[in-house]
Amino acid sequence: MAFNNSVQRVAIVGTGVIGASWAAEYLARGFNVVANDPAPNAEAGLRKYVDDAWEQLKTVGLSAGASRDRLTFTSNLKEALSNADFVQENGPERPDFKIKLFADMDDVTPPDSLIASSSSGITMSVIQSKCKRPERCVIGHPFNPPHIIPLVEVVGGAKTSPDAIQQAMKFYASIGKKPIHLRKELPGHVANRLQAALYREVAYLIEQDVLSVADADDAVSWGPGLRWGVMGPSLQWHIGGGAGGIQHFMQHLMDPLAAMFKALGNPEMAPDLKRKITGGVLQEAANRSVEQLAREEDEMLLGLLRLRARHEVQSPREGRRERVAARAS
């Protein structure tokens, strides 16, 4: 089946935090965006989110044609999807809800358009199970917030066409995102699993009174986290191997590292540990509100993205120049 490769109109289904952030991103990339959500006051909440995010998007760089005026809203699902070239779904994380929603969207969306879900945990094989055209359904899971963080995890279900996956990958890359193709379905996809793996050890170290909550956060954000904001762990091991690179690392350093795997903990998330972490986080926050902390995080992330963009213009990795150009235009 041939899929629409000239996206002009994007439909957003579900305008909570993730959906609203996606809407802001697509508007900033110059698309016409039609949003759908049956919740009371959903439109007002969406427009406020877009307005609040617009200065951040201007910092990242607006594409030609970017305008908040290209946003329309309707509570009618058929009206929202009848002319959509691409759909980004952001509904509640309940299998029964998503199965029915995707079947309903499949019925009213043009047959050559793609339908992507932002689902963070439910597999596409489950979500597409009642669709008449499941071959055009994919997971397009963003990292929050989508209008700032470039990562998108793309994975199909058992009935998804390989062409649909490739078209989704191309589309996300064309708007400046960093799509990665997951070749197998796993609960939680990849990025959340990596977060969970790290936090399991963080919780274990806190449980064992090795260090405080604040020190555990500092150990990540002022140590390996700084490196992870620049390149991934496998490429870092290449640097860690010195002149011999990854070959030297695998031959001489990987075995001691692998031996450490056996010493990693598996904490019991009992009420006492939850209280301990909660108290430590509130102390670390030092009376700063969640909103204030989020603003501080976003400001630093935008600075890192600007720095990375300047370096990646010269990167030899395929497609990176096009992604940088899309963001800078």
*Might you check whether a residue that is part of a loop (DSSP other than H, G, I, E, B), open to solvent by 50 Å² or more (accessible area, probe 1.4 Å), at pLDDT 95 or above and under 30 Å from residue 150 (Cβ atoms) occurs anywhere in segment 264-281?*
yes
*For segment 306-327, name all the residues that are assigned to a helix (DSSP H, G or I), open to solvent by 50 Å² or more (accessible area, probe 1.4 Å) and at pLDDT 55 or above.*
306, 307, 308, 310, 311
_Count of segment 126-147 residues which are touching a residue at least 60 places away in the same chain (Cβ under 8 Å), crowded, with 21+ Cβ neighbours inside 10 Å and either out of contact with any strand residue (DSSP E or B) (no Cβ under 6 Å at 6 or more places or on another chain) or within 30 Å of residue 304 (Cβ to Cβ) (or both)_ = 4
*Can you tell me which residues in segment 162-190 are of a type in the set (Ser, Thr, Tyr) and open to solvent by 20 Å² or more (accessible area, probe 1.4 Å)?*
174
*Write out, first by first residue and then by second, each pair whose Cβ atoms fall under 6 Å of each other, whose residues are 6+ apart or on separate chains, and whose first residue, in segment 174-185, is closer than 15 Å to residue 26 by Cα and among the charged types (D, E, K, R) while the second is part of a strand (DSSP E or B) and at pLDDT 95 or above.*
177/152; 178/151
*Among the residues of segment 18-65, which ones are buried (at least 20 other Cβ atoms within 10 Å of the Cβ), among the hydrophobic types (A, V, I, L, M, F, W, C) and assigned to a loop (DSSP other than H, G, I, E, B)?*
31
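Here is a yes/no grid of residues against (1) under 22 Å from residue 108 (Cα atoms); (2) among the hydroxyl-bearing types (Ser, Thr, Tyr):
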| residue | (1), (2) |
| --- | --- |
| 13 | yes, no |
| 18 | no, no |
| 23 | yes, no |
| 32 | yes, no |
| 35 | yes, no |
| 49 | no, yes |
*Which residues, counting only those in segment 161-173, are assigned to a helix (DSSP H, G or I) and either of a type in the set (Phe, Trp, Tyr) or touching a residue at least 24 places away in the same chain (Cβ under 8 Å) (or both)?*
163, 164, 165, 167, 168, 170, 171, 172, 173
_Selected residue (criterion: nearest to residue 312 (Cα to Cα)) from residues of segment 199-223 that are in contact (Cβ under 8 Å) with a residue 12 or more places away in the chain and open to solvent by 50 Å² or more (accessible area, probe 1.4 Å)_ = 217
*Count, please, the residues in segment 74-125 that happen to be among the hydroxyl-bearing types (Ser, Thr, Tyr), open to solvent by 30 Å² or more (accessible area, probe 1.4 Å) and either in contact with a Gly (Cβ under 8 Å, 6 or more places away or on another chain) or in a strand (DSSP E or B) (or both).*
3
*Of the conditions (1) farther than 30 Å from residue 311 by Cα; (2) aliphatic (A, V, I, L, M); (3) surrounded by fewer than 15 Cβ atoms within 10 Å (Cβ to Cβ); (4) touching a residue at least 12 places away in the same chain (Cβ under 8 Å), residue 258 fails just one. Which one is it?*
(4)
*Kindly indicate which of 198, 151 is more than 19 Å from residue 96 (Cβ to Cβ), modelled with pLDDT of 95 or more and touching a strand residue (DSSP E or B) at 6+ places or on another chain (Cβ under 6 Å).*
151
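The values are calculated or read from the model by the stated rules, or taken from the named source; none is laboratory data. Just so it is clear, the structure is predicted and the values come from calculations on it, not from any experiment. Here Cβ is always computed from backbone atoms with ideal geometry, including for glycine, and neighbour counts include all displayed protein chains. The protein model used for the area step is the full one, side chains on, heavy atoms only, and it has no ligands, DNA or RNA in it. Shrake-Rupley method; radii C 1.70, N 1.55, O 1.52, S 1.80 Å.
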